[in-house]
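A quick write-up on the structure given underneath.
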Amino acid sequence: MKTADFDFDLPEDLIALEPAKERSGARLLHVGEGMADRRITDLPDLLCEGDLLVLNDTRVIPAALEGRRLPREGQEGEGVAVEANLIEHLPPVNGFAHWKAFARPGKRLKVGDSLTFGPLRATVTERDQMATSLLFKTRAEAFGEALEQAGMPPLPPYIARKRAVREDDRERYQTVFADRPGSVAAPTAGLHFTEELLAELRKRGVEQTKVTLHVGAGTFLPVSTEDLGDHKMHKEWGEVGEEAAEAIARARAKGGRVVAVGTTSLRLLESAWDGTKVAPFAGDTDIFLKPGDRFPASDLLLTNFHLPKSTLFMLVCGYAGTERMKAAYAHAVEEKYRFFSYGDACLLKRLALQ
């Protein structure tokens, strides 16, 4: 398969830069044997008693930092303005927090430079073409609390280039069930849920369980290879606890459907599949799901609309069928659905297992 096989025309104005006015205000394209235009609030009517929602409870850290490179020896002035997006937690050095980051202007940074981001201070320890390593002068165990004061939500690059990050993004770029800090991008299908919608689903007999996949910045990286077989997927850490594995087994035993909320939950469930069931799992996964793969761990997928030639569009094509998804996306474009992180959603029925 070629990357070009997963291209489609997407008008730029359909890429959502803002969330819906109300958290549960998104549209929902229901894709099964046919297609139906619905709303996220229709989920209680589309799911059945005994179905199980699998939610990703990762919490997005405020990984976007603005600050300055302090003047080097012999220089005067305030230094140079710097932006950094933390992307990977590195092992602490002598107990101090150590992170890899995308920095701008990266080319103007050198190893040994001192940076300040409000209450946070850091030293550049390594530079390459892609990223900058920063050693903070904050103990690793205290870094999370300090980051909450210094950082802002790490909005996707295509949004951050168009508008400033706002205080309301702290709430809207976080799910209402976020619990375990570690992501530098949101599990966006979960952004549509309110406490009221979750309560209504429980009232209808739709059960819920939680897993954790800490979303990395690699989710936004384009596929740079012509052949899909040459693409190297980024690693992300995830965990399926015993409670979640047992909830999935119970739902299946009762004839309920497993509904993966987001591609993050789906990738984790497939990583935890042991050949017969979803088993407890903890560790890194770099699974690359695409057409031709089997998806035995779930029955339905709730996800947002993804960008052309992205690994996530390849995933949904594998899950629900390439021709079906190309038709669904063409319909979504024609009906002006909103795409990507702050956009609308679709509920997909998995292809029958062969």
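Overview of results
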quantity	calculated
Mean-position separation - Cα centroids, the stretch 142-177 and the stretch 26-46, in angstrom	29 Å
Euclidean distance between Cα centres, the stretch 264-286 to the stretch 201-258, Å	7 Å
Gain in span if fully extended, Glu242 to Glu171, counting 0.36 nm per residue against the direct Cα distance	22.6 nm
Size of electric dipole in the stretch 64-151: Cβ of Lys, Arg +1 and of Asp, Glu -1, about Cα centre, debye, nearest 20	260 debye
Debye, to nearest 20: dipole size of the chain, +1 on Lys, Arg Cβ, -1 on Asp, Glu Cβ	360 debye
Residues Lys203, Lys100, Lys326 arranged by fewest to most Cβ contacts within 10 Å	Lys203, Lys326, Lys100
Förster-model FRET efficiency, 51 Å R0, Lys162 and Asp284, C-beta, rounded to 0.05	0.95
Mean Cβ count within 10 Å, highest first, over the residues of peptides 102-109, 89-96	102-109, 89-96
Relative packing of peptides 54-65, 145-156 - highest average C-beta neighbours within 10 Å first	54-65, 145-156
Length gained when the stretch Thr125-Glu145 is fully extended (0.36 nm per residue, less Cα-Cα span)	4.9 nm
Dipole of the chain [Lys/Arg +1, Asp/Glu -1 at C-beta], most positive-end residue of Val165, His214, Phe8	Val165
Calculated FRET efficiency for the pair Thr276/Lys336, C-beta based, R₀ 35 Å, to 0.05	0.20
Dipole of the stretch 64-151 [Lys/Arg +1, Asp/Glu -1 at C-beta], most positive-end residue of Gln129, Leu115, Asn94	Gln129
Where labels lie 7 Å past Cα in the beta-carbon direction, separation of Glu323 and Asp230 in nm	2.9 nm
Order of Glu246, Glu207 - criterion: other Cβ atoms within 10 Å of each residue's Cβ, fewest first	Glu246, Glu207
Spin-label model distance (nm) - Arg180 vs Leu14, 7 Å beyond Cα toward Cβ	3.5 nm
For the chain, with +1 on Lys and Arg beta carbons and -1 on Asp and Glu, the positive-most of Pro44, Thr276, Pro181 along the dipole	Pro181
Sum of side-chain charges, Ile159 neighbourhood, beta-carbon under 10 Å (Lys, Arg +1; Asp, Glu -1)	+1
Relative exposure of Val240, Val223, judged by other C-beta atoms within 10 Å (fewest first)	Val223, Val240
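None of the figures in this text is laboratory data; all of them are computed from the coordinates on show. Being a predicted model, the structure only gives us computed values, none of them experimental. With ideal geometry, Cβ positions are generated from the backbone for all residues, glycine too; neighbour counts draw on all protein chains shown.
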